[in-house]
Every structure is written in C-alpha cells, then in structure tokens.
Amino acid sequence: MSKRREAISRAVADLLEIPKDLALDLPRVTLVGKGELYIENHRGIIEYSSERLRINLNRGYIEIEGRDLEISVLMPDELVIVGEVRSLRYLD
Amino acid sequence: MSKKIFEQLGGMVTVKLKGKNLEKVINMAMARGIFLWNIKKNDDGISFRVRQSGFNALQSISAEGGFELEATRRQGLPFFKQVLKRRMGFLAGALFFVAALYFLSSFIWFIEVSGNRVVGEERILDNARRLGVYSGVTKWSFSAREVEDALLRDISEISYVRINIKGVKARIEIVEKVLPTQEITGPCHIVAVRDGVVDDILVLNGQAAVKPGDVVVKGDILISGLLDPPSSPYVPESEEEKINKKASLVRARGSVMAQVWYEGYGECAMMSEELVLTGEKSHMAYIETPWRKLVIKKATEFAMSQNSTAVKTFNTPWGECSLVLVTAMEQSVQREEHSENEAVNIARERALKNLAELLNTTQPFNDCRVEVLSSPSDPILRVKVAVEIIEDIGQPQPFAPQQMAKK
C-alpha cells in the first residue's frame with residue numbers, strides 16, 4: 001500500500017519537477033567539508049555518543065561515525081552536527 | 001548575532017543530564033518544541049543549552065524519566081534581574097544619575113554671542129534675556145525661531161541672527177548690517193571747526209570766503225557753496241545788476257590750512273623721588289601643581305623689587321601644571337632736587353608729551369610758549385604750554401537752498 005503510494009508520489013514529483021525532499025519527505029543531508037553536517041527532515045536521535053551518532057529518518061536511519069561529534073543545533077526537523085565526520089551510512 | 005541577543009534577553013541555562021538512554025530526553029524535548037543546542041557528550045552524561053522558558057518543561061521531562069538534571073550555568077537578563085533586585089541601591093543610583101544628567105542637560109547654562117562688532121554684547125544679551133533666553137532657562141520654554149525674529153525686529157543694526165543650541169550652550173550668531181557712509185550729496189559749505197589764522201587755502205569747488213592771513217572763528221564759512229555767476233565781459237557793469245542773476249549751488253570742496261593753538265598742561269615736583277634699578281637680580285623657580293607649590297629655587301628678598309614672571313604651562317592627565325620663573329630686580333629710591341629751570345623743562349616736556357598724545361601726532365612741535373602757573377614756593381611746578389600748529393580746519397556743512405534763497 002505504502003509502496004504504491006510512494007511510487008505514485010515519485011511519479012507526480014518527477015512529472016511536476018517538485019523537489020523530492022518535499023514531495024516524498026526524504027531527508028536532505030548537507031556535508032560541509034568533514035566538519036559540519038546539516039540534516040533536514042529527521043525523526044529524532046536513536047543513539048548519541050561522541051564517536052557514533054544514529055539519526056532516525058522517515059525510513060531507516062543514518063549512522064555517522066567520527067570524532068568529537070556534537071549536536072550544535074537541534075530543532076524538530078533540522079539538526080546540525082559539528083565535529084570530525086569519518087563516515088556516513090544509510091541503513092534500513 | 002540576533003540569536004545571541006535573543007539568548008541573552010530570554011536567558012539561557014547550561015544543563016548537565018545524567019542517566020541511561022539520554023537520547024530519549026532529547027527526543028521528548030524536541031517533540032515538545034523545546035529548543036536545545038550545543039549538545040556535547042561528557043564522561044558521565046551530556047550537557048547542552050536550553051532557553052530559560054523551556055527549562056521547567058525539561059525538568060518535568062527528566063523527572064518523569066528518572067534522569068538527573070543539573071543546571072550548571074545561568075546566563076542572560078532574567079538572572080541579572082535577580083542580581084539587580086539584591087542591589088536596589090545601585091540600580092536607583094544609576095537611574096538617578098541618568099535622570100539628573102537628562103534634567104541638567106535640559107537647561108541652557110551658557111550663552112555666547114559671536115559676529116557682533118558695533119552692537120554691544122550686553123545689548124544683545126539683554127534683548128535675549130527679555131525674550132526668554134538666559135542662563136538657567138529650560139530649552140523647551142522658548143522657540144529659537146521666534147526669538148530670532150524678535151531679535152531681528154528689536155535690534156535694527158543686525159541683518160541676520162541665528163540661535164544655535166548645542167547641549168547646554170546657546171550660541172547667538174549675528175551678522176550686522178553694513179550701512180553706507182553718510183556722504184553729503186547736496187550743496188554744502190566748508191566751515192571752520194576751530195579758531196585760527198588762515199595760512200593757505202585750496203579751493204577745488206565753490207568760492208573761497210577767506211584769504212590767507214584772515215582770522216576765523218569756529219563756524220565761519222571758509223569755502224562757500226554758493227557760486228556767483230561769472231560776470232560777462234559783454235554786459236556793461238551798470239546793466240549787470242538789472243539782470244536777474246541766480247547763484248548756483250555747489251558742494252564746496254577744498255582744504256583750508258590754518259594756524260591753530262593747542263594748550264597742554266604739565267607738572268614737575270621740585271624734589272622728586274624715583275625708583276631706579278640697582279642692577280641686582282635674583283631668580284626664583286617653582287612648579288605649580290593643582291595640589292601644591294613645589295619650590296625649586298628660592299630667591300633672596302629685596303626691600304623693593306620689580307618682578308617679572310615667565311610661566312610655562314603643561315597639560316597633564318592630573319591637571320594643569322606650570323613651571324614659573326620669577327626674576328626679581330632690586331630697586332632703590334633716588335631723590336632728586338631740581339632747580340627751577342630744570343623743573344620747568346621737565347614739566348614742559350611732560351606737557352608736550354600729553355599734548356602729542358591728545359593730538360595723536362608724533363611730529364615734534366617746533367614752536368611753543370610756556371607759562372608757569374604755580375608760585376615759586378609751591379612744591380610742585382605747574383606749567384601751561386601753548387603750541388601752534390598748522391592743520392586743516394575745514395569741515396563740510398550742508399545747507400538748505402531755500403533758506404539761502406530767502407536770505
């Protein structure tokens with residue numbers, strides 16, 4: 001059901017050239033160098049330590065590994081992580 | 001930047017959170033719209049910042065979940081308010097200072113007048129005072145534009161006035177009218193301003209009424225502005241009187257040099273005492289500071305001395321300091337007895353000097369008569385000196401043509 005709905009949404013977004021993060025509620029991840037990471041459309045924090053951060057998404061989660069990671073800004077659908085980012089993985 | 005200002009205005013709390021599954025608290029706070037930032041991992045928990053408004057909600061969240069919450073630092077205005085409440089005196093003093101500053105700066109304390117040359121400053125200040133601008137008046141009690149207009153109306157010699165109020169100082173700027181000199185354009189005579197004997201006469205316009213050697217008194221017409229028409233050589237003298245001749249009126253011009261006398265007065269004591277410098281000198285130096293006088297070198301005291309002082313002033317951060325050098329020159333009294341001839345000469349010189357000052361000339365008088373006024377027994381010899389000089393005694397004096405016609 002949800003997969004079909006998603007397929008329709010994708011098709012409509014493609015047709016109307018609407019950004020996918022808006023149409024499909026996908027996360028928008030911006031990484032500046034390796035020191036600053038912006039994530040929009042997140043769904044909360046699953047795990048937080050200075051070496052590993054897991055951030056919940058609409059589907060699955062992002063796992064960030066690095067050193068001295070800090071959440072410098074945390075808002076309901078936006079967060080900013082500073083520190084040294086070594087890896088970024090999408091997991092279902 | 002604006003974020004930081006809002007943080008300071010609303011107040012912010014740095015919080016330390018301990019326990020297990022701290023992410024839960026973060027997520028709950030986020031879900032309730034509590035804004036968190038600067039989240040850092042510590043050894044035994046996390047620390048972050050939260051707004052003062054969200055702190056109480058955060059406390060209840062952590063109490064529900066059994067977490068240990070500790071506020072480590074409070075910053076911003078709401079906390080400063082509590083500090084101020086404890087120091088009411090300080091706050092009241094600060095407010096009083098601002099109020100006093102505002103109150104005192106709302107008066108005019110100094111008035112300056114500039115640009116006036118002929119019109120006296122006192123007159124302008126008096127007029128301004130009457131119109132409500134004086135030292136000690138509040139700034140809002142008068143309108144500068146109205147005072148300017150009234151000043152222009154009241155003082156006819158000024159053409160522009162502007163009142164500039166800067167701080168506690170009112171500056172009245174004035175531009176005076178430049179009036180044309182009173183040039184005589186109508187017919188006029190040249191008359192004598194003082195008694196004398198005419199020495200030389202030069203007529204540029206008009207008709208000479210005197211000739212060299214004539215004795216004139218003050219007010220006599222020297223060059224007349226009434227010009228008789230020239231007699232025609234073609235009209236016989238007997239016929240001439242029958243023709244209705246009309247004198248033409250001119251503005252007489254010319255110079256009339258005449259011998260005039262001036263009198264001067266001088267006196268000389270038969271026995272005079274004079275202070276003379278002996279040549280002895282002594283120097284004194286000291287530094288004058290706002291607190292005290294530091295003597296560098298002392299002077300030897302003279303019974304009578306003439307002092308000359310040289311001051312050099314320095315501006316230092318602590319006030320004005322000056323280095324003063326005083327040179328004292330010893331004086332002594334010299335008694336001098338004059339013979340009558342000497343005294344007359346001295347008195348005469350003094351009288352001539354006074355006269356020269358009075359006449360404002362530097363050239364020496366070549367001819368003078370001396371008259372001794374005092375009796376020989378008097379301790380002071382007084383003389384009257386009369387000098388004779390040649391000067392222009394002419395002065396234009398306009399006349400009305402109708403009056404002359406009647407005559």
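Side notes on the structure shown:
- Of B:149, B:195, B:199, B:228, all but one fail to be without any contact (Cβ under 8 Å) to a residue 24 or more places away in the chain, among the charged types (D, E, K, R) and farther than 23 Å from residue B:117 by Cβ; the exception is B:228.
- Of the residues examined, residue B:102 is not one that is within 30 Å of residue B:171 (Cα to Cα), in contact (Cβ under 8 Å) with a residue 24 or more places away in the chain and away from chain A (no Cβ under 14 Å).
- Residue in segment B:35-81 that is farthest from residue B:19 (Cα to Cα), counting only those that are without any contact (Cβ under 8 Å) to a residue 12 or more places away in the chain and away from chain A (no Cβ under 14 Å): B:81
- Counted residues, segment B:1-22 - those being within 20 Å of residue A:51 (Cβ to Cβ), at the interface with chain A (Cβ under 10 Å from one of its Cβ atoms) and surrounded by fewer than 19 Cβ atoms within 10 Å (Cβ to Cβ): 1
- Of all residues in segment A:19-33, those that are under 12 Å from residue A:58 (Cβ atoms) have Cβ atoms under 7 Å from Cβ atoms of residues that are of a type in the set (Lys, Arg), 6 or more apart or on another chain, in A:21/A:28; A:24/A:10; A:26/A:20.
- In the set (1) at the interface with chain B (Cβ under 9 Å from one of its Cβ atoms); (2) outside any loop (DSSP other than H, G, I, E, B); (3) modelled with pLDDT under 90, the condition left unmet by residue A:50 is number (2).
- Qualifying residue in segment A:8-23 (condition: within 14 Å of chain B (Cβ to nearest Cβ), surrounded by 14 or more Cβ atoms within 10 Å (Cβ to Cβ) and of a type in the set (S, T, N, Q)): no
- In segment A:53-71, residue surrounded by the fewest Cβ atoms within 10 Å (Cβ to Cβ) [restricted to those that are more than 10 Å from every other protein chain (Cβ to nearest Cβ), assigned to a strand (DSSP E or B) and not hydrophobic (A, V, I, L, M, F, W, C)]: A:67
- Close Cβ contacts (under 9 Å, 6 or more residues apart or on different chains) running from residues in segment B:271-287 that are under 13 Å from residue B:306 (Cα atoms) to residues that are aromatic (Phe, Trp, Tyr) and surrounded by 11 or more Cβ atoms within 10 Å (Cβ to Cβ) comprise B:278/B:302; B:280/B:302; B:282/B:302.
- For segment B:101-112, the criterion of being at pLDDT 90 or above, farther than 30 Å from residue B:12 by Cα and surrounded by 15 or more Cβ atoms within 10 Å (Cβ to Cβ) is met by at least one residue.
The values are calculated or read from the model by the stated rules, or taken from the named source; none is laboratory data. It should be emphasised that the depicted structure is a prediction, and the values quoted were computed from it without experimental measurement. Glycine also receives a Cβ, built like all others from the backbone with ideal geometry; neighbour counts cover every protein chain displayed.
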